[in-house]
Amino acid sequence: MNTTLRAQAETIVTASIHAVLPDEAVRRALQGFAPAGRVFLAAAGKAAWQMAHAAVEVLGRPDGGVVITKYGHVKGEIPGVTCYEAAHPVPDEAGFAATEKALALVHGLTAQDAVLFLLSGGGSALLEKPLIPGAELQDITSQLLASGADIVEMNTIRKRLSGVKGGRFALACAPAQVYSIVLSDILGDPLDMIASGPACPDSSTCAEAKAIAARYGLKLSPAAAALLEQETPKALDNVTTKITGSVRELCAAAADACRKAGYTPVLLTDRLNCEAREAGRFLGSIAQSHAGQGQKLAFLAGGETVVHLTGHGLGGRNQELALAAAPALAGLNACVFSVGSDGTDGPTDAAGGYTDGDTDAALTAHGLTVPAVLADNDAYHALQAVGGLLVTGPTGTNVNDVSVVLVQG
């Protein structure tokens, strides 16, 4: 392993994520928020604890509050707020129970009350009241995750199977006013798709949902199929929303960190949306094109790739991306690394993966080949064997992923 490149990669990852923590963004969004009556706080998503912590520091203790975040993401007590942890990306009973607590919090409020609703990516799994048996919702979620469907397609389906998504949580808060602060984790910041839009009118249609179900061959019960025929709320009159944070800011922070490390940064895109392994091969080919030319260059791509499951291994989209770049990097003084800003990549404890010019040979020495590992979707164990996992722990933010190519010259 190229220890110099590896150290630089870790420095860039740390600086990039630190720059997009939601604390200051939440404080900015709360400027001018001064309701006359009671204030209740509800927060859902991977960044829910961090966002709620910042909000309470600004506003003081709320009249009641509920935080629902991923296991391992609660970092301590917040005055006036009860914190719950649940599963992601497949919802579980803990999430269902926590959502009932959130619904109880906002039940029976008056027009003089306000609900501060803090939303971040991951909320689709964490804030959930299934309209079908929980086990079936889990199965459909798993089908979607394995299908290669993108996040907008997934959320179009999930909205219709839920009692809180697609604007229904805001309806449950009425007649109280909902002030929603949203940390975006979807390309282009489509408000109704972030965490499946619990406080936003739904722009998708039944026809689109049925077409997605057909496209990916989803196995649905008659009850689930019938829900795809029921239209979601198309208007809400009790919600004010501010979007704060995005993958664009993550890319800008990564570019700045690369510049400080001595590289000339080039932003390729902040809307990467394709198969993870294809993105990895592409970034590897960029390293091939620019290696050996005497320039220290950094190429950046932000967004969210997808994985089509064909095997039974362990990994995540960022690990697959980095691993897929390894053959192209062989022998080069270059690296590719990719991380999720939330610090978790798929159902693993890694934020992402790192490969460089030595990785392919190291894999061979362990009896591994990149095509075979990718076929089994087992990037985690392969990268673990060669020291290629990037581990940050839960970060407290969630604004998509960033992938970087460093070329030493």
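Using only the alpha-carbon atoms, how far is helix 93-106 inclined from the longest principal axis of the chain? Give it as 0 to 90 degrees, nearest 10. With rounding to tens, the tilt is 40 degrees. Under a cut-off of 18 Å between alpha-carbon atoms, report the lysines in cross-link reach of residue 260, not counting same-chain residues fewer than 8 places apart. In chain and number order, the partners are 296. Computed over the alpha carbons of segment 176-228, Rg followed by Dmax gives 14.0, 40 Å.
The Cα atoms of the chain define a convex hull whose projected area, averaged across directions, is 18.5 nm².
Determine the shape class of segment 21-244: with a ≥ b ≥ c the square roots of the Cα gyration tensor eigenvalues, call it rounded for a/c under 1.5, and otherwise prolate if a/b is greater than b/c, oblate otherwise.
Numbers: a/c = 1.81, a/b = 1.62, b/c = 1.12.
In terms of gyration-tensor shape, prolate.
In the chain, the longest principal axis of the Cα atoms and the axis of helix 276-290 are about 40 degrees apart.
When the C-alpha to C-alpha distance is required to be over 24 Å, the pairs from 101/219; 70/210; 210/234; 70/234 that qualify are 101/219; 70/210; 70/234. In degrees from 0 to 90, rounded to the nearest 10, what is the angle of the helix 3-19 Cα long axis to the longest principal axis of the chain? Taking Cα atoms only, the helix is inclined about 20 degrees. Take the convex hull of the alpha carbons in segment 352-406; its mean projected area over all directions comes to 4.6 nm². For segment 32-95, the antiparallel share of DSSP beta bridges with both residues in that region comes to about 10%. In the chain, the DSSP beta bridges split such that about 40 percent are antiparallel, to the nearest 5. Using only side-chain charges placed at the Cβ, +1 for Lys and Arg and -1 for Asp and Glu, the dipole size of segment 21-244 relative to its Cα centre rounds to 120 debye.
Taken together, the values in this text are just the output of simple stated rules run on the coordinates, not laboratory data. This structure is a prediction, so every number in the text was calculated from the model and none was measured. Don't worry about glycine lacking a Cβ; one is built from the backbone with ideal geometry, like all the others, and counts go over all protein chains shown.
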